[in-house]
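So the structure is just underneath, and the comments pick up after that.
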């Protein structure tokens, strides 16, 4: 039996792996990406190229998007060459980009008007989770749309849950990123402290990973910082985007979260130091330069 | 063969369990605590009571201390009825209190002058880790003293490592607490966000625990916050003491760690709200009241 043809838009650090898992499961794939060369491994494995998001939507039954900024999501879905611009043949749109809850609501309305289902499905787990197909997925959308997305999403995730209607997946992802922000500040400040106090930082990471300070950040990014490996698993500029969205959502309801605000300030400084395209562990470098 | 008699001073939330593991291993125990009733389970299981730390030190071969503040450590070790005040018969002192690195150095000097070994050995893992005998221990002291302490410490720990000379265990513990501070801010802010945005916070905790936001805090304290259980695993006022020591150590070397500073400010507010004797998860209540 021929599996449904899927469309995939955005083959960056995360998307290339996620699409690869769907391809490996046997789905014919139509791909589009801003930088065509990044889609090369998928094309070599049999995916076909589409020049525009509209073309993807014309040729695929379900279209996934995994792009950078909310403005990219808007362009790819609602723009002049976007998914909804031509004659979309698809019946479901799954946006895995971490983006604005309000945009997810707007997209849900626009797709519903064309008889297309829509799910906001941002993910967590970084490049390692994407590569291993063990991401966590926060879904928002109608029960029917999420139920249809679930078996596909399962190809690149260990856990996917629906948190509510359109935008709820994005809100849950904000909840996730607020935790990550605190975890990253704690890890990077600790390693700066260790270095300045003359401790063996590698030993510290090894030991704290077994106790009450244990976290994904300690286990996965601690060793990278120790090796001075600041290559991106997750871009500083993308995390900064997420933190900006979370701050906007807090401002909208008059909620003051000082740790989130601090994280945004520190990551902005990290980006200003030229590390926007480094991994989020580059926060260490900004803290090591000193001051809040 | 009769195992060495051990002294234990301080039978609070953590100490009672740690001492219990040594007792269960067959060591005769001499105990002293500010509040005698808290030593009752150990006494009922065969431990003998001593009226002063000096008396403990006269009757035990190795003395453990697990008290509250650095000033308590100072009193218990160096005070007029302290371990070193009389005729200590012990050959080794192991202080498990999280305390000042400089005090650990002073104690190491004072004990060495009496021919007694000394180890600073603060722990991580909370009440659960203490109860299960799965703490993590950060040791500082001479190689000989740490080697002698290791098999005893192993009775209540899953991992114990020496980080260097006197005070190095305390510095490593500060590194641990700086991470915990960030993790707690992230967790508590996320749950406030979830509540305000109308998300199912229990579902959020369940899902984030599987992804890149995973931490000991999420797994162990998230569920307590959801149940509005603010009973102490680890006292706010003790954590505040730790954060104060860490801030002092940073000030001493001119290091600015803004996340640590924020955590101290927020935990001070938590204590000011009357939650000094609640668990560290009570930070949620302070953040829920708003503002940094």
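We did not get these values from a lab; they are worked out from the coordinates using the rules stated. Bear in mind the structure is a predicted one, so any value in this text is a computation, not a measurement. Because the Cβ atoms are built from the backbone with ideal geometry, glycine has one as well, and the counts that use them run over all protein chains shown.
List the distances, in nm and shortest first, from the label point of residue B:253 to the matching label points in every other copy, placing each point 7 Å from Cα along the Cα-to-Cβ direction.
Between copies, matching label points for residue B:253 lie 4.1 nm apart.
In µm²/s, what is D for the range A:6-165 at 20 °C and 1.002 mPa s, where D = kT/(6 pi eta Rh) by Stokes-Einstein and Rh is the Kirkwood radius from Cα pairs?
The calculation lands on 143 µm²/s.
Run the numbers for residue A:256 and residue A:147: contour at 0.36 nm per residue of separation, minus the present Cα-Cα distance, in nm.
Additional length available on full extension: 35.7 nm.
Once the Cα atoms of helix A:101-113 and of chain A are each reduced to a long axis, what angle between those two axes, in degrees from 0 to 90 to the nearest 10, is obtained?
So the inclination is approximately 10 degrees.
Given the alpha-carbon gyration tensor of the range A:171-287, what are the semi-axes of its equivalent ellipsoid in whole angstrom, ordered largest first, with each equal to the square root of 5 times an eigenvalue?
Equivalent ellipsoid semi-axes, largest first: 25, 16, 12 Å.
Evaluate the range A:161-204: find the radius of gyration of its Cα atoms, find its Kirkwood radius, and give the ratio Rg to Rh.
Rg/Rh: 1.33.
Sorted from shortest, what are the nm distances separating the label point of residue A:34 from equivalent points in the other copies, each placed 7 Å from Cα along Cα to C-beta?
Spacings between copies for this position, smallest first, are 5.9 nm.
At 222 nm, what value in deg cm²/dmol follows for chain A if DSSP H runs of at least 4 each add -39500 (n - 2.57) and the sum is divided by all its residues, to the nearest 500?
When only DSSP H runs of four or more count, the value is -14500 deg cm²/dmol.
With a ≥ b ≥ c the root eigenvalues of the C-alpha gyration tensor of the range B:182-228, is it rounded (a/c under 1.5), prolate (a/b larger than b/c) or oblate?
Cα axes put the range B:182-228 in the rounded bin.
Could you tell me what a quarter of the Cα convex hull surface of the protein assembly as shown works out to, in nm² with one decimal place?
Averaging across all directions leaves 28.1 nm² for the Cα convex hull.
Evaluate E = 1/(1 + (r/R0)^6) for residue A:49 and residue A:109, where r is the Cβ-Cβ distance and R0 equals 35 Å; express this FRET efficiency to the nearest 0.05.
With R0 = 35 Å, the Cβ-Cβ based efficiency is 0.70.
What is the helix-to-structure angle for B:258-270, meaning the angle in degrees between its Cα long axis and the longest Cα principal axis of chain B, kept from 0 to 90 and rounded to the nearest 10?
90
Ratio to report: Rg/Rh of the range A:1-99, with Cα atoms as the point set and Rh obtained by the Kirkwood method; give two decimals.
Taking Rg over the Kirkwood Rh, I get 0.93.
What are the nm distances, shortest first, from residue B:49 to its equivalents in the other copies, labels at 7 Å along Cα→Cβ?
Nearest first, the other copies' label points are 8.5 nm away.
If the viscosity is 0.890 mPa s and the temperature 25 °C, what translational diffusion coefficient in µm²/s does Stokes-Einstein give for the range B:116-220 when Rh comes from Kirkwood over Cα pairs?
Translational D for this selection: 159 µm²/s.
Once both labels are modelled 7 Å past Cα along the beta-carbon direction, what's the residue A:85-residue A:227 spacing in nm?
4.1
Using the Cα atoms as the points, what is the convex hull volume per residue of chain A in Å³?
With only Cα atoms used, chain A gives 134 Å³ per residue.
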